[in-house]
Each structure stands twice: as structure tokens, then as C-alpha cells.
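A short write-up of the structure that comes next.
The values are calculated or read from the model by the stated rules, or taken from the named source; none is laboratory data. Model, not experiment: these values are computed from the prediction. Positions of Cβ are backbone-derived with ideal geometry, glycine not excepted, and every protein chain shown enters the neighbour counts. Ligands, DNA and RNA are excluded from the accessible area calculation, which covers all protein heavy atoms including side chains. Shrake-Rupley method; radii C 1.70, N 1.55, O 1.52, S 1.80 Å.
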Amino acid sequence: MSETVSLTVAQATVEFLAHQYSERDGVTQKLFAGALGIFGHGNVAGIGQALLQQETSALAAGETPGLPYVLARNEQAMVHTAVGYARQKDRLQTWVCTASVGPGSTNMLTGAALATINRIPVLLLPSGTFATRRSAPVLQELENFAAGDVTVNDAFRPLSTYFDRVSRAEQLPSALLSAMRVLTDPAQTGAVTLSLPQDVQAEAYDWPVELFADRTWHVARPPAEKSRIQAAADLIRGARRPMIVAGGGVHYSGAEDALAAFCEATGIPVGESQAGKGSLLHGHPQLMGAVGSTGTTAANALAREADLIIGIGTRWSDFTTASRTAFQAAGVRFINVNVANFDAGKQSGLAVVADAREALEDLTAALDGWSVDAAYRAEQGRLWAVWDAAVESAYQPGSEVTDALAPGKLTQGTVLGLVNELTDPRDVVLCAAGSMPGDLHKLWRVRDRRGYHVEYGYSCMGYEVPASIGIRLADETRDVFAMLGDGGYLMMPTELVTAVQERVKVVVVLVQNHGFHSIGSLSESLGSQRFGTRYRFRGTDSHRLDGDTLPVDLAANARSLGVTVIEVHSRDELAKAIRTAKDAPADGGPILIHVETDPLIHAPDSESWWDVPVSEVSTLDSTAAAYATYLQHRRQQRHHL
Ligand SMILES: Cc1ncc(C[n+]2csc(CCOP(=O)(O)OP(=O)(O)O)c2C)c(N)n1
Ligand SMILES: [Mg+2]
């Protein structure tokens, strides 16, 4: 008989999680940095009691708890914190999120979707109602008229890359082991959900002690099959205008240096997706910057005529392909280097299922001595120079732009440019939704491989503040600058309080433009006249949202939460505020810089498109005109078969 120990399911879960490690390239680290949570019935006496018990005994022994607990303010937000952390750690470390029965748990659904779509590991522990049903229906329990075994936590199933419900204590070991396997699998990772019914959490069981031994999960770097590398090399040798599209997989695999070496040897230019931005650093001769709907004119011009596209670690989202209009050459072919065969098969590409770094090293060797011709390299240089000049004038607009601005307002390009210029290369810029992700994609000059963090898989308003905490906790040697719109701020300012509580230094640059610059422009381009995108009073006569600007004071709002706030009204004041934020103490808590911008000044055009359907019939001239333009763009859409 093996030795056993009596613990509740919750205590066993916490004990197990505290002993998990990930390992890649011989480097071992804890898989879970800690647990984020909000207690209510369902977890207060289960997981909550277990976390208390381990904190108490660790501190009494003069040790740090194996799974330190951090109280968050909103369950969706705490998943964002975990995602921010895990992405900054190249998916090798993450957090556990625990929530109470019902709304506490379903608040995590958006976070689950975000994690799975971005392929970022997080472990979610929603609480379930009684497995025994002995007091059913309990407070916050869903009663489904047609199915007795359904709970609100079933809503996690389509959003999780792995889901299990532990209805009996005996099921826990296999559930935990499967969860770890999926979290550390680079091809399958995402939100992993273990639903823990409230009675089961508190139930005791005699566990074999081996369950709680240290366990190390190897994060694989699968190499490509030799024949696929050979086939890919043959295709590349036969191409005249090949181009790389670098995605998030380049970062997660740590393949940046291998990519740079490959590009330098072959002269193949690189366009980057949002997650892949920073794959090559600003100034690299083959870097053509962002590609697709929010791309640079340089990358998009090359993409239009490329005869071979080599996707590396990309999901090929519509922003990256400009809704399948980016690649226009007749007979254009694709190679997809991806650790997930799901992505490697897209665009009818030649699938190279492998870790990005491994595959790039093999491809570099297979193409030894081969390069694109000198004219193609020179063309890249010319295209980039034109774009870089456009970036410079967005950073430093001329008087024809600045003279037209209302007093105290700046352009968004000025704000991005100053933050870029005055931060350290290693600092992290962060964003998720609004007009800024597109502007950052086009304009931000990335100077460190971990310096750019835009969540554009789910583009979730509200990600920014909680994720900035995760990023800072992941690496306290870097300052984090969260670029946040007023709409995004109003969606979820809650975690500023968590940053105050934990004394986490994050810098929020709040760009106040009184509504949705992004959706306003989109609306106008689709013939919908910016309807419902401005934050205005309802007009007493017009009955529409076209009255005066609302008297919101988000600076005062942030101050009331305990945040240090700096309000700026000029370029010089903004520069000073950024320097003050940089000089602020590392444990001084969050800082918010409040700046007003003009929403009608745009970043330079991408010469690209994004497919958003326009009404086919309408009584509005603006919509009818937009539909005609829409049809023209639709004609450019291609199947890659
Ligand atoms: C949770 C969520 N709801 C809605 C949207 C759709 N959406 C995208 S951008 C945007 C407006 C963002 O406004 P703001 O943060 O002020 O940024 P701005 O567009 O002004 O730059 C909306 C509503 C979204 N991305 N996420
Ligand atoms: Mg706004």
C-alpha cells in the first residue's frame, strides 16, 4: 500500500498546483506564479480555505507560499492579468484563477475566450453548484428546463482548450494531469478549465502522496520532418519575390534570432502580424513592419506582388491577410511553419509542422548560399524609407496639423511617438482595442523582442489595465505603458485598485477623445455616419446623442481609486509626464497620464482593406455609397486553394 494523506479536493488541488514546473531548453521554472481570485460561496470555504491554509503554514515556516494569493476586483480582469503574465513569459508560466459559483465564474468566460483565441495558457477554476444537488437550487444556480446536469460552467466548454468537471474526488488526479499536459503543449494551449462543485471542493479523500511530488512538464520543440524542410527549401529557391509573415509563434518559440539570421542570409523581407510584431527589431534591413489591414505601405506593397508567402507561427487572421486581399499575385503559394497542424494547413500551404526556431534553423541550412536578387533587396530598402518618413511625420506633425488642433489637444501619433521616444527600449507598450492597436501596429518602433504587447486575437476592451499588472509582475525590470482609450477605461478600470493594493508600477496613458475614434471612423467608412460612437448628452430637441460632450473626468476617477494622476495639455507636458513616470519608484503603484486627443486625425493609410459587411439595401445615401465601394473591395478577395 502506498502512503496516503487526507486532504480536501481543494487542498489537494492547491498542493498539486504548487508543485508543477515547466521546462524548455533546460530551463525549469514554476508553472504557476500564484492564484488570482475573488471569493464567494463555492470557493470561499473550498479553494479559499486551502489557499489560506498553505499561506499560513508557509509564512509560519518563514517560506513564501507555493501558490501566493492575489485578490482581484473583477473575474474577467483576473484572467487578463494571467494572460498578460503568460504571454510575457513566452507561455512557460501562468496563473490560476479561482471564482465563486454563478456570476463570479461566468465573468471569466470572456477571459477564457481571449486566452484560447490567443493560444495563451491560463488555468481557470470556476466553482460549481452542489454535485450532490442536496440543497438545489442554490443561490445563483441555473435551472435548465430540459437538462438536469447542465450548469452555467458548461458555457466554458467551447471556450476552453480542455474542460473537465470534477464530480467525485477520485477524478481529481486525472483531471489535474490532463490540465497540465494541455497547458504545456505549445500546439494545444489556451484556457484550461476545471469546474469544481462547491461540495466536492470541501470533501476529504486519502490521496497517494506521490500526487504532490514535484512534477516537471517539458515544453516541446518538435522538429520538422526532413522531407518538409526539403520541399519548403525547393519552393523558396524557385521563388523570385518570397515574403515572410511572422506571427506570435516566432516570439513564443524564441525564434527571433533564428529569423534574423534566416532573413539576413536570404534577403527575404518580413511583414508582421500584431502578435508577431517585434520578431525583427526596428532598423533591421528586412523588416517591412506590420502587414495587412493595419500594415505599412512597404509590407503591403511587397505582399501584393509576392509569389511565395512563408507564414511562421501565424493564425492568418483577417487583419493579417487584409480579409484575403493582401496577396494578389497569380499563383501565389504559401508555406506555413507552425507548431499546430491546425494552422499549418491554412491557405492550402505546404505544412511544416514544427517549432519555429527549429524549422528556421533547418531552413537556413537547407538554403545555404541562396539569396533573393539584389534588386529585390534594394526595393525593400526604398519602400521602407518611404514608410519610415510617414511614421516620422505622424510622430512630429507639421504646423498645418497642429495649428488646427483645439487648445490642449494632441494627435494620437504625437502621443505614441513621444512614448516611443522617451521610454527605454526594454519597456513594454500594451494595448488591445480601439484605434490605438492599428496605430501601434503601423507606427510603433519595437526595440526589444518583448517590448510590444498588443492583444489582437480577441481585441478585448478592458484587457489593458489588468494585463499591464500581469506583464509587470512577469518582469519588474521593465516599465509597462498601457495605451488606453476612454472607452476602454470605462469598460474596466477596476484593476487599478489591484495595482494600488499590490504596489505594482504600471503606467496608463489614457487617451481621452470622448468616444470611439476607431468605431466612429469604421462607421463612417461603412456609411453609418458615426452613429452612437460619441460620448454625448442626448439632445433635448434632437432626441439623439448629439448634445454637448459629457462632463466625465476620468482623471478624477482614477485619482479616487488611489492612482497617481498627471494631466497634460501639451507636447512638453506629456514629455515631462513620461519622464516623471519613468523616474517614479518601482513599488509606487500605478500612474495614469491623462491626455486629450483629436479623434479626427488619422495615422498614415495602410492602402489595405478589412471586410466588414455593409447593408445591401438601405434608405440612406451614405450606406448605398458605402455598399458600392464595398463591392469593389469584395472583388479583390481571393481563395488560396
Ligand atoms: C469588450 C469589447 N466591446 C466592444 C468592442 C468593440 N469596440 C472595438 S474598439 C471600440 C471603441 C473603443 O473606444 P476607446 O477605448 O475610447 O478607443 P478609441 O476608439 O477612441 O481609440 C469598441 C466599442 C471591443 N473590442 N471589446
Ligand atoms: Mg476613445
Exercise. By per-residue mean of other Cβ atoms within 10 Å, what is the highest-first order of 560-567, 188-195, 127-134?
Worked result: 188-195, 127-134, 560-567
For this session: Step through the table entries Lys30/Lys505; Lys442/Lys576; Lys346/Lys442; Lys89/Lys442; Lys409/Lys576, compare each Cα-Cα distance with 21 Å, and write down the pairs that go over it.
Result: Lys30/Lys505; Lys442/Lys576; Lys346/Lys442; Lys89/Lys442
Seminar exercise, completed: One finds the C-alpha centres of the stretch 39-107 and the stretch 574-629 to be spaced, in Å, by 34 Å
Exercise. How high is the FRET efficiency between Asp373 and Glu476 when r is their beta carbon distance and R₀ equals 56 Å, given to the nearest 0.05?
Worked result: 0.75
Exercise. Roughly how compact is the chain, stated as its Cα Rg over 2.2 N^0.38 Å to two decimals?
Worked result: 1.00
Problem set entry | Modelled label reach - Gln396, point 7 Å along Cα→Cβ, the stretch 576-601 residues with backbone N closer than 20 Å | 576-579
Seminar exercise, completed: Looks like the stretch 398-550, by Cα gyration tensor root eigenvalues a ≥ b ≥ c and the a/c under 1.5 rounded cutoff (else prolate when a/b is bigger than b/c, oblate otherwise), is prolate
For this session: Summarise the accessible area of the chain (1.4 Å probe, protein heavy atoms) by the percent that is carbon and sulfur.
Result: 52 percent
Problem set entry | Per residue, in Å², the accessible surface of the stretch 260-334 once ligands and nucleic acids are set aside, probe 1.4 Å | 24 Å²
Exercise. If we sort 446-458, 143-155 on the protection proxy, mean other Cβ atoms within 10 Å, highest first, what's the order?
Worked result: 446-458, 143-155
Seminar exercise, completed: Using alpha-carbon positions, the gyration tensor of the stretch 482-631 gives root eigenvalues a ≥ b ≥ c; with a/c under 1.5 called rounded, otherwise prolate if a/b exceeds b/c, else oblate, the class is prolate
Exercise. Sequence-distant or interchain residues sharing an amide H contact under 5 Å with Gly589, placed H: which?
Worked result: Val504, Lys505
Problem set entry | Whole-number accessible area per residue in Å² for the stretch 4-88, which is evaluated in the context of all protein chains at 1.4 Å | 35 Å²
Exercise. Using the heavy atoms of the protein chains alone and a 1.4 angstrom probe, what is the accessible area of the stretch 336-462 per residue in square angstrom?
Worked result: 37 Å²
Problem set entry | For the stretch 373-390, Karplus couplings with θ = phi - 60° (6.51, -1.76, 1.60), whole Hz, Gly/Pro x | 7, 4, 5, 5, 4, 5, 4, 4, x, 5, 4, 5, 4, 5, 5, 4, 5, 5
For this session: Before anything else, pin down the relative contact order of the chain: Cα pairs under 8 Å, at least 6 apart, normalised by residue count, whole percent.
Result: 13 percent
Problem set entry | Fully extended contour minus Cα-Cα distance, from Gln529 to Asp611, at 0.36 nm per residue | 27.7 nm
For this session: For Asp154 and Leu281, compute 0.36 nm times the residue count separating them, minus their Cα-Cα distance, and round to one decimal in nm.
Result: 41.4 nm
For this session: Please say if the stretch 535-611 is rounded, prolate or oblate, where rounded means a/c under 1.5 for a ≥ b ≥ c the square roots of the C-alpha gyration tensor eigenvalues, and otherwise the choice is prolate for a/b larger than b/c and oblate otherwise?
Result: oblate
For this session: Beta carbons within 10 angstrom, averaged per residue: use that to sort the peptides 540-550, 284-294, 21-31, 242-252, highest first.
Result: 242-252, 284-294, 21-31, 540-550
For this session: For Arg333, enumerate residues with amide H under 5 Å from its amide H, sequence gap 5+ or separate chain, H modeled in the peptide plane.
Result: Leu308, Ile309
